[in-house]
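K.L.:
One structure follows; several queries about it will come next.
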Amino acid sequence: MTHSGPHSHEIDARNASVQIYLNGELVPRERAMVSVFDSGFLMGDGVWEGLRVYNGKVPYLDQHLRRLQEGAKAIDLHIGLDRAELARAVQRTIDVNNMIDGVHIRLMVTRGLKTTPFQGPSVNVGKATVVIAAEHKVPDPRVVATGLKLMTVHVRRGRPDVQDPMWNSHSKLNCVTACIAAAKIGADEGLMLDPHGFVATCNSTHFFIVRDGAVWTSSGKYCLHGITRGNILRLAHDAGMVTRQCDFSLTSVYSADEVFCTGTFGGITHVHSVDGRDIGDRRIGPITTHLRALYTADINAQVGR
């Protein structure tokens, strides 16, 4: 087992032989390397997406690629490939590795090679670095069954004039330090507040509560616009549920009927406790269960299964 939490998974020996997409070529994992002068290594200068494979396809792929392009545009990074070309590269990686289900993909784009260590793009040469790393990886069934233990951490989500939280950037130190803080106090995931003390998001997943049958999540001002987050809100609305994107404090969390986290890797994972307060009877609730079923059906419709 790699670790606890929403990204917990078993080590899969098949990953040693997967082919990695690297700037248009598919190379063995052990040869999938970039220069120490790459912008991603030197500065954390890049954007990325996490993708899941079902039935040999990636659901919501266009949504992911739109977000990738939006982030790249925001930091003035020229990917060099349009959405259709990126989609073909992703599918090529899946097909070459004969992957069908239980697969997680990291699509990464950095500003590329620099002639010397320096922040500015003026010393960049050549094209962007594009990497697609696909792995056999499935969520730990024990975490799915038991749920997550969350603790509020001291690390806050920042304002967009510091570093826009909508960027899915390679520079993730804000979330890394939140993850470390959570691990130090024995939690599976860190619950992060915004600069005003309202609930924002978790360090690697999005956060939802259920109160009186209504599904709440943060205002979205201080978190990544999650693909799974958005699709859960859509599915809940279409099912006739009341949904709220709003500011709320930990007081509303502690007395919630249900709590769950969302993300591309784990889908929907229920939360059994927050800051030592049990949520309900610690088991997955009926709204969370219903949303998980709706999400699974939506994915199956996306991939033709």
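FYI, it's all coordinate maths here, none of it is from the lab. None of these values were measured; they are calculated from a predicted model. Every residue, glycine as well, gets a Cβ built from its backbone with ideal geometry; the counts of neighbours run over all protein chains shown.
K.L.:
Which FRET efficiency value, to the nearest 0.05, is calculated for Lys172 and Val27 with the Förster distance at 22 angstrom and r the Cβ-Cβ distance?
P.N.:
E(calc), rounded to 0.05, equals 0.30.
K.L.:
Using label points projected 7 Å from each Cα along Cα→Cβ, tell me how many nm separate Gln91 and Asp161, to one decimal.
P.N.:
About 4.5 nm separates the two model spin labels.
K.L.:
Let me ask something additional. Could you size up the charge dipole of segment 13-137 around its Cα centre, putting +1 on the beta carbon of Lys and Arg and -1 on that of Asp and Glu, and report it in debye to the nearest 20?
P.N.:
120
K.L.:
While we're on this one: What residue among Ala239, Gly266, Asn23 has its Cα farthest toward the positive end of the dipole of the chain, where the charges are +1 on Lys, Arg and -1 on Asp, Glu, each on the Cβ?
P.N.:
Asn23
K.L.:
Among Asp82, Asp247, rank each residue by its count of other Cβ atoms within 10 Å, from fewest to most, as a rough exposure measure.
P.N.:
In increasing order of surrounding Cβ atoms, one gets Asp82, Asp247.
K.L.:
Whole-Hz Karplus ³J(HN,Hα) for segment 242-254, in order, using 6.51 cos²θ - 1.76 cosθ + 1.60 and θ = phi - 60°, x for Gly and Pro?
P.N.:
Karplus values, whole Hz, x for Gly and Pro: 7, 10, 9, 10, 7, 7, 8, 9, 5, 4, 5, 6, 4.
K.L.:
In addition: To the nearest 20 Debye, how big is the dipole of the chain about its Cα centre, given +1 on the beta carbon of each Lys and Arg and -1 on that of each Asp and Glu?
P.N.:
Computed charge dipole of the chain: roughly 200 debye.
K.L.:
Then there is this: Where Rh denotes the Kirkwood radius from the mean inverse Cα pair distance, what is Rg over Rh for segment 13-137?
P.N.:
0.97
K.L.:
Quick check on my link table: of Lys73/Lys149; Lys57/Lys172; Lys127/Lys184; Lys149/Lys172; Lys127/Lys149; Lys137/Lys172, which ones sit more than 32 Å apart, alpha carbon to alpha carbon?
P.N.:
Lys73/Lys149; Lys127/Lys184; Lys127/Lys149
K.L.:
To the nearest 500 deg cm²/dmol, what mean residue ellipticity at 222 nm is calculated for the chain from DSSP H runs of n ≥ 4 alone, each contributing -39,500 (n - 2.57), summed and divided by the residues?
P.N.:
-8500 deg cm²/dmol
K.L.:
What are the extents of the Cα atoms of the chain along their three principal axes, listed from largest to smallest and rounded to whole Å?
P.N.:
Sorted largest first, the three principal extents are 55, 43, 35 Å.
K.L.:
Next question, about the same structure. How far is the Cα center of segment 61-113 from the Cα center of segment 134-177, in Å?
P.N.:
20
K.L.:
Can you put Tyr295, Tyr254 in order of Cβ neighbours within 10 angstrom, beginning with the fewest?
P.N.:
Ordered from fewest to most neighbouring Cβ atoms within 10 Å, Tyr295, Tyr254 come out as Tyr254, Tyr295.
K.L.:
How would you rank Glu30, Glu189, going from fewest to most other Cβ atoms within 10 Å of each one's own Cβ?
P.N.:
Glu30, Glu189
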